[in-house]
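Undergrad: Before I ask anything, let me first share the structure, which is written out below as structure tokens.
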Amino acid sequence: MVHPGPFDITGATSLALADIAVSYAGREAHASAAPEYGRNAADAATVAQVAVGLMRQHLIPGQQIHGIVSDGGAAPNIVPGHSEMLYYLRATTADLLDDLRERAGHCFAAGALAAGCTHSIRTVSPTYTELTPDPWLVQAYREEIIGLGRAPLPVEEEGFRPLGSTDMGNVTNVLPGIHPVIGLDSGGAVTHQEAFAAACITESADLALLDGARALAATATRAAIDPAQRARLLEEVSRR
């Protein structure tokens, strides 16, 4: 598959990702008349966020963590009895993701301990593994896209641009596959910006769509008519 972007990347990679929700349970009370009876679940989330922020300095290169508070209380005069945070944990490999998950778990637990609350962590959506594109398919696609007049990023620069996370990573860890980025003229905007969305309904985007389809089809054709590659790809399928 191909994905739109501000420039062409043939050997695109992505990060493994864990999608989690962290919930804190405290005890509600009147924030003015009886605050001593409350246990503030929003405070637990605040302490956890501070712990996560301090941990960032010591992350292994390739690890990322970012999140939001999805529930911080109902009203200022009520000590929040419940809070929730949504977090994405990312890493270049599944092993590094497991390491980050453990370390982040200590930060989340620290918030509960400090605020006198309990907490739970649940998986929101299935975990993604890292994208591992098949080298032969990448090279074939690269030649095809250059033949269409495109100028993809130099190979030596591709590894420095992991492109978020995708369930296509799970696919490429089981079957040979690629997930290149097809470039369009976005005026400097990047994905997930409104200006990029607007650029996706332009003539440049229409051309990118067609070029991506042509290059993928040509890559598949090259694999099908190459006896060695056809045998290799079918062997991977049989092994699965």
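Undergrad: Can you name every one of the helices (runs of 4 or more DSSP H) wholly within the stretch 166-240 that holds 2 or more residues which are modelled with pLDDT under 95?
TA: In the stretch 166-240, the matching helices (runs of 4 or more DSSP H) lie at 168-172, 227-239.
Undergrad: Inside the stretch 113-131, can you point out the residues that are surrounded by 17 or more Cβ atoms within 10 Å (Cβ to Cβ) and in contact with a helix residue (DSSP H, G or I) (Cβ under 7 Å, 6 or more places away or on another chain)?
TA: Ala115, Cys117, His119, Tyr128, Thr129, Glu130, Leu131, listed by residue number.
Undergrad: Provide a single number: the residues in the stretch 90-112 that are buried (at least 17 other Cβ atoms within 10 Å of the Cβ), in contact with a Ser or Thr (Cβ under 9 Å, 6 or more places away or on another chain) and outside any helix (DSSP H, G or I).
TA: 2
Undergrad: Can Glu156 be described as modelled with pLDDT of 95 or more, at negative phi and either among the basic types (Lys, Arg) or assigned to a helix (DSSP H, G or I) (or both)?
TA: So Glu156 fails the test.
Undergrad: Considering only residues that are β-branched (Val, Ile, Thr) and modelled with pLDDT of 95 or more, look in the stretch 64-106 and name the one that is farthest from Asp19 (Cα to Cα).
TA: Here is the first cut: in the stretch 64-106, the ones β-branched (Val, Ile, Thr) are 65, 68-69, 78-79, 92-93.
Now drop any that are not modelled with pLDDT of 95 or more, which leaves 65, 68-69, 78-79.
Working: Ile65: 10, Ile68: 12, Val69: 14, Ile78: 30, Val79: 28 Å.
Filtering first and then ranking leaves Ile78.
Undergrad: Here's a follow-up. Taking Gln63, is it without any contact (Cβ under 8 Å) to a residue 40 or more places away in the chain and under 21 Å from Ser165 (Cβ atoms)?
TA: Spelling it out, Gln63 is indeed without any contact (Cβ under 8 Å) to a residue 40 or more places away in the chain and under 21 Å from Ser165 (Cβ atoms).
Undergrad: What are the residue pairs meeting all of these: first residue in the stretch 101-117, first residue touching a residue at least 24 places away in the same chain (Cβ under 8 Å), second residue assigned to a helix (DSSP H, G or I) and exposed (fewer than 15 other Cβ atoms within 10 Å of the Cβ), Cβ atoms under 7 Å, and 6 or more apart or on different chains?
TA: none
The values are calculated or read from the model by the stated rules, or taken from the named source; none is laboratory data. Since this is a predicted model, take the numbers as computed values, not measurements. Because the Cβ atoms are built from the backbone with ideal geometry, glycine has one as well, and the counts that use them run over all protein chains shown.
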